[in-house]
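> Just dropping this structure here.
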Amino acid sequence: MEEFHVHQVYEKIAEHFSNTRHTAWPAVRRFVEALSPGSLLIDVGCGNGKYLGINSTVLKVGCDRSMNLCSICQSRGHNVFVCDCLFIPLRDDTCDFAISIAVIHHMSTEERRLQAVKEIFRVLRPGGQALITVWAFEQERDRKSTYINRKTEQTAPSSQPDESISHIGIHQNRTPFQQQDVFVPWKDQRNPSGGGTAAAPPPSEGATATAPTSQEYFRFYHVFKEGELELVCQQICNLIVVQSFYEEGNWCVLLEKQS
C-alpha cells in the first residue's frame with residue numbers, strides 16, 4: 001500500500017508539493033538553529049529540503065524515498081541521497097543530530113513505524129538527539145492548527161482508491177480526523193503521469209481551449225493520538241524521550257541516544 005499510496009504519489013506530485021512547502025515549522029527551526037557549529041545533521045525524509053537551508057554552520061545531509069524530491073534538493077545545492085527511511089545506508093553512530101518531519105505517519109503498520117524510529121536511533125551517535133514530528137489526530141487541541149478550515153463543507157471525493165483497501169476512510173481535507181488510518185486526497189492540475197501542468201494543444205480555428213485535467217491522488221496517513229509516538233519510542237532500549245509536545249497540529253518528540 002505504501003508503494004502505491006505514498007511512494008508513487010510523491011514521485012508524481014513532487015513539483016507541486018515542493019511549491020507548497022516553504023515555511024519551516026517553528027519547533028524544527030529552533031532545533032536546527034540551536035545545533036553546535038560543525039555538527040552533522042541528517043534529515044530523514046527531507047522532501048524539498050526546506051530544512052537543509054537552515055543554519056549554515058552545520059553539516060547537513062538529507063535523504064528521501066522520492067527521486068524527484070531529491071532532484072529538487074540537488075538543484076538547490078543540498079547534499080541528499082535516495083533511500084527508504086527503514087534502511088538508511090549509513091554506518092551506526094554516524095550523525096550528531098537527526099530530524100524526521102512529517103514522515104513516520106506514512107508508515108502503514110506499527111511495526112514499520114517502530115522500525116523507522118529504530119533506524120534514526122541507529123545512525124545517531126551516543127548523546128545525539130533527534131526531533132520527530134507526525135500529524136496529530138487531535139487537530140482541534142488548540143486554535144493554532146493551520147490544518148482545520150472551519151468553513152469547509154463535507155464533499156465526496158471525485159475518485160476512489162482501490163476497493164481492496166476500501167476499509168480505510170477517505171479524509172475530507174481541512175476537517176477534523178474521524179479515524180487514524182486515512183487516505184488524504186491531493187488534487188493538482190497535472191497530467192496523468194504527474195509530469196507537470198497538463199498543457200492542451202493549440203485549439204483549431206473556431207474551437208475553445210480546454211482547461212488542464214485535474215488529477216487526484218490518495219496519500220496514506222496514520223495520524224497519531226496523544227502519547228502514541230512516545231510509546232513507539234519507548235520500545236527502543238537506550239533511547240529516552242527528552243521532551244514531547246504538541247505544536248500546530250503535530251505531535252513532536254525530542255529523543256536522545258544514551259551511551
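None of the figures in this text is laboratory data; all of them are computed from the coordinates on show. In this text the structure is predicted, and so the values were computed from the model without any measurement. Cβ coordinates were reconstructed from backbone atoms using ideal geometry, including for glycine residues, and neighbour counts include every protein chain displayed.
> At 0.36 nm per residue, and after removing the present C-alpha to C-alpha distance, how many nm does the segment from Gln235 to Ser39 gain when stretched out fully?
67.8 nm
> Okay, next question. Taking θ = phi - 60°, what integer Hz values does the Karplus form 6.51 cos²θ - 1.76 cosθ + 1.60 yield along segment 62-77, in sequence order, with x for Gly and Pro?
Listing the rounded values in order: x, 9, 7, 6, 8, 5, 5, 5, 5, 5, 5, 4, 5, 5, 9, x Hz.
> So, R0 is 30 Å and r is the distance between the beta-carbons of Gln74 and His22; what FRET efficiency does that work out to, to 0.05?
The pair Gln74/His22 has a calculated efficiency of 0.95.
> Sort 112-125, 33-46, 14-27 by the packing proxy (mean of other Cβ within 10 Å over each peptide's residues), most packed first.
Listed from highest to lowest mean packing, they are 112-125, 33-46, 14-27.
> Taking 22 Å as the cut-off for C-alpha to C-alpha distance, list the pairs among Lys50/Lys257; Lys12/Lys225; Lys118/Lys225; Lys12/Lys60; Lys60/Lys118 that go past it.
In this structure, Lys50/Lys257; Lys12/Lys225; Lys12/Lys60 lie more than 22 Å apart at Cα.
> So, one more: So how strong a dipole does segment 1-139 carry about its Cα centre when Lys and Arg Cβ are +1 and Asp and Glu Cβ are -1, to the nearest 20 debye?
360
> Quick one: which residues, 5+ away or cross-chain, put their amide H under 5 Å from the amide H of Gly62? H built at 1.01 Å from N.
Sorted by chain and number, the residues that satisfy this are Asp43, Asn79, Val80, Phe81.
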